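Below: one structure, written as C-alpha cells.
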Amino acid sequence: MLTRMSLATIALSFAFCSNAFSVDHATTVSSSAAVTVKLNHARVLKLGRPAGTVIIGNPEIADATVRDPQTIVLTGRAFGTTNMVILDQAGTPIIDENVSVRRSSDQVVTIYRRANIQTLSCEPVCEQAYLSEFERESQARQEAESSSGVSLTD
C-alpha cells in the first residue's frame, strides 16, 4: 500500500519528468539546454512558449522545421556545430544555443586506410553507409589513385 510520502514522491517525479519530456517523447528545451542531434535523424523539440522566428546559423549542418508554434523538428544534415536562435513573436529570444550534429555509432563500422575512410552500416549485413563530404572526397581520391597507379596522398 502506498503511503502519502511515496505518492508525493511519485507525483513530484512525474512532474519533473513531464517537464523534461512530453508524452510523445519530444525533448523540451530551455534557454540553457545544448542540443545534440544525429546525422540524418530528426529530433522533436518542444518549446515553453510559441516561436515566431527560427534561425539556424549554418543550415548545411542542421535544418529546423516549425511543426506548430511550440514544436520544432531539428534535422542533422552534416557533421559539425552551429547555433540555433528561436525568437518569440515580440522578437525576444527563447533559445540561443549550440547545435551539435554527430554520427550515430550504433551498428556502424568506420575503416581508416591512411587518408581514405570507408563507413559501413552493419544492420544486419555490412553495407556502404551514407557518405559525408569528406568521405566522398576520400573515395574519389582512392578511385583516382587506383585508376592512375599514382598515390595522391604521399
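The values are calculated or read from the model by the stated rules, or taken from the named source; none is laboratory data. Since the model is a prediction, treat every value here as computed from it, not as a measurement. Please note: Cβ atoms are built from the backbone with ideal geometry, for glycine as well, and neighbour counts cover all protein chains shown.
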Checklist outcome for this item: Across the stretch 60-83, the tally of residues that are outside any loop (DSSP other than H, G, I, E, B) and surrounded by fewer than 14 Cβ atoms within 10 Å (Cβ to Cβ) stands at 3
Checklist entry - Would you pick out the residues in the stretch 34-59 that are exposed (fewer than 14 other Cβ atoms within 10 Å of the Cβ) and of a type in the set (A, V, I, L, M)? => result Ala34, Ala42, Ile55
Checklist entry - So which of Ala42, Ala90, Ala78, Ala64 is over 13 Å from the mean Cα position of the chain (by Cα) and of a type outside the set (S, T, N, Q)? => result Ala90
Checklist entry - Hey, Gly91 hits all of (1) touching a residue at least 24 places away in the same chain (Cβ under 8 Å); (2) within 22 Å of Val37 (Cα to Cα) but one; which does it fall short on? => result (2)
Next on the checklist: Can you find a residue that is acidic (Asp, Glu), modelled with pLDDT under 90 and within 15 Å of the chain's Cα centre (by Cα) anywhere in the stretch 96-114?
Outcome noted: yes
